[in-house]
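The values are calculated or read from the model by the stated rules, or taken from the named source; none is laboratory data. Just so it is clear, the structure is predicted and the values come from calculations on it, not from any experiment. We place every Cβ from the backbone using ideal geometry, glycine too, and count neighbours over all the protein chains shown. Quick note on the areas: whole protein, heavy atoms, side chains included, nothing else; ligands and nucleic acids left out. Shrake-Rupley method; radii C 1.70, N 1.55, O 1.52, S 1.80 Å.
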Amino acid sequence: MKIFKEDYKHFRICQKLVWFLNEKHYQLANKLIAEKKILNFVELTNTKTSSKVDQSVTKISDLEDLVINNQSFEQEDDDFYPGETIADGLETGRYAQKYFQQHYQTFNFETNPVIDQDIIFQDQKYQVFFEPRFQYQDCVTKCDILKRNGSSWDLIEVKAVTWVKEEHMWDLLYQYDILTKCGFKIANVYIMYLNNNYLLQEKIDLMSLFIANGSTWQKSNGAKKSFSLYDSIQSELIDHNLTQEYQKISQILSINDIDEVYQLLTNKYCHENQKQFCWHILPYFDAFNTIFQLYRLRKVKKALWYYQEDLLSLKDQRLLPFIINNKLHYRQYQIANFGEQVIDLSTFNLLKSELKKYQYPIYMYDFETMKSAIPKFNNTKPYQQIAFQYSVHVLLTPDFDFTTNANIKHYQFLADGSYDPRKELVQHLTNDLIKIHGLGTYVAYNKSFEKSVLKSLMFNFKASYHDLQTISERTIDLQDFFKDFKIYKSTFAGSLSIKKTLPAFDANFSYQDLAIHRGDMASEVFRRRVENNISLTNWKANFYQNMLDYCARDTLGMVILFWHIKNLIEIQIKQQRKESSLETASW
């Protein structure tokens, strides 16, 4: 059974992931999930077990089928869409090769397959090699870049990231070990990654785009302390018996018997020798009203309570000592045990104050953005969010009615992808959010994102700075009604995402009738249009209206949610007034 570097990286996290995330086992893994044998907190992706990925999901024909036939990708993580991730990796790899082609004689084994790789390595005219493949026993790897360094070699791994973390070091560790065992002397190991401060000016400047000799990694983005990649690899080789780990990986990959697979996936530990309780994959249970829905409780601690303390249900009174000092966890516990108290009455004055902020006209607005590792437009950085679409529902008076659209106006904008969309978007945005109905209350859901988009637009379009700043400063957050669980339902499942809060108030509201029904899908489609993988004719015929429908559904959802919140609070106010009147009368 062949082992690839992705298998090794998965093994370092959890031995279960070696089996679960190997594409050869996807069918059986999905069967176990469908039959409710296991509960998984990781995503089955399209990543192959080799260093190359399945490019099929990046083909525009697949996206066209997706939109036209109204199909969907079955994924749990709202923030993950593998098409963009794969496209970024491939595009960054191509530009990294161009970087070296400027200064060196190169050879690409991917595009020029040869029978005997060693013969090419012996040809001194080549200084840099792309995609060479190596195998030691059952372990296989491909290197992004090998560069001559006298009689030694520099091993360079290309990553479509803006900072280097530990798992990237594991990637190099695996390659370093295999190459060394194949007789290569490695002088340096580098991660070649993207310069987060790079700004595109007309044409890609490869020397500025990349940090080509990244030699350190960090435990978190922006951490003060950095660790040497080379020194970390040497330490890992001492602390880990890689030969034994490869043997273990091989054993795991060869498991095909369903009973053995089930035994592996329901083991309580990530690794038997480390005794780290596993939160990645567990024996199946109904996750509703369990400790796994406790708000922002670390997954490691959830697993600890589950395995070591034998805790699961929020109705278990033995849980009380563990959560009594956490107000939000205690509120979840109370609702599970004593029934729904949707409004926390101790915070009701805060809710009334929150509602008073909503002065008409009220603008419920939402942006759609795209990002890419390699910037597409002038004065943009790697992974900068580029606004290309918005929807806004304007509530004109307090007696608005979303069922009839009474006292509601809707405005929207969607660029056609032929050029930088931001200037035109700003022109429409300031007209629709200021000039038509005047200043009002601007509302986003999780406003930090919308405000970050506005800040970026303010920086780039000085003529509209004042208007954009006004919108930003007057933006409030619809999510604030739910923060600190001032309003909470058990069906929120410990989340404040609108994907949870909205269905809790309107079970009929859905995106599933839409061809494009997720933000990452919209972003992916527009990026393909920008890259001209969708023609303008095809865009107008098959994508444009579907994109408008999705974004409009987002802001309509905010309107519906606000309507329910407003009515909930107003009913409680009337109830309090009634009770107060009765008390006065009886007194």
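Computed over the Cα atoms, what is the radius of gyration of the stretch 175-321 divided by 2.2 N^0.38 Å, N being its residue count?
Compared with the compact-globule rule of thumb, the stretch 175-321 sits at 1.51.
What number in nm² do you get for the stretch 336-444 if you take the convex hull of its Cα atoms and divide its surface by four?
Quarter of the Cα hull surface area: 11.1 nm².
Using the Cα gyration tensor of the chain, with a ≥ b ≥ c the square roots of its eigenvalues, what is the shape: rounded (a/c below 1.5), prolate (a/b larger than b/c) or oblate (neither)?
Oblate is the answer for the chain, as a/c is 1.5 or above yet b/c matches or exceeds a/b.
Considering only the other residues whose Cβ falls under 14 Å of the Cβ of Gln308, what net charge follows from Lys and Arg at +1 and Asp and Glu at -1?
Net local charge, Gln308 excluded: +3.
Using the scaling law 2.2 N^0.38 Å as the reference, what is the normalised Cα Rg of the stretch 295-354?
1.31
Checking the table Lys275/Lys499; Lys299/Lys455; Lys356/Lys409; Lys356/Lys483; Lys36/Lys142; Lys224/Lys447 against a 27 Å threshold on Cα-Cα, which pairs fail?
Those over the limit are Lys275/Lys499; Lys299/Lys455; Lys36/Lys142; Lys224/Lys447.
What FRET efficiency do you get for Asn567 and Glu424 if R0 is 35 Å and r is their Cβ-Cβ distance, rounded to the nearest 0.05?
Once the sixth-power term is evaluated, E becomes 0.40.
The stretch 385-492: Rg/Rh from Cα coordinates, Kirkwood Rh?
That ratio is 1.01, to two decimals.
Three principal axis extents, largest first, for the C-alpha atoms of the stretch 272-402, in Å?
52, 47, 25
Can you give the % of DSSP beta bridges in the chain that are antiparallel, to the nearest 5?
Approximately 70 percent, going by the DSSP bridge assignments.
Please give, to one decimal in nm, the separation of the simple spin-label points placed at Asn407 and Thr111, each 7 Å out from Cα toward the Cβ.
The two pseudo-label positions are separated by 6.3 nm.
Once every Cα of the stretch 209-263 carries one equal point scatterer and solvent is ignored, give the base-10 log of I(q)/I(0) from the Debye formula at q = 0.17 Å⁻¹, two decimals.
-0.76
For the stretch 471-587, evaluate the Debye formula with one uniform point scatterer on each Cα (no solvent term) and list log10 I(q)/I(0) at q = 0.10, 0.13, 0.14, 0.23 Å⁻¹, rounded to two decimals.
Here the Debye-derived log intensity ratios amount to -0.48, -0.70, -0.77, -1.24.
Can you pull the one-decimal nm distance between simple spin-label points at Thr491 and Gln359, each 7 Å off the Cα toward Cβ?
3.5
Can you give the extra length, in nm with one decimal, that the chain gains between Asn30 and Tyr307 once fully stretched, where that is 0.36 nm per residue apart less the Cα-Cα distance?
Additional length available on full extension: 97.3 nm.
To the nearest 20 Debye, how big is the dipole of the chain about its Cα centre, given +1 on the beta carbon of each Lys and Arg and -1 on that of each Asp and Glu?
The dipole magnitude comes to about 1380 debye.
Semi-axes of the equivalent ellipsoid of the stretch 439-538: what are they in whole Å, largest first, if each equals the square root of 5 times a C-alpha gyration tensor eigenvalue?
29, 25, 10
Using the heavy atoms of the protein chains and a 1.4 angstrom probe, tell me the accessible area per residue for the stretch 84-163 in square angstrom.
48
Whole number in Å², please: accessible area per residue of the stretch 281-357, 1.4 Å probe, ligands, DNA and RNA not counted.
56
Excluding same-chain residues fewer than 8 positions from Lys165, which aspartates and glutamates have a Cα within less than 14 Å of its Cα?
Glu157
Can you give the translational diffusion coefficient of the stretch 140-260 in µm²/s, computed by Stokes-Einstein from the Kirkwood radius over Cα pairs at 10 °C and 1.306 mPa s?
Translational diffusion coefficient: 98 µm²/s.
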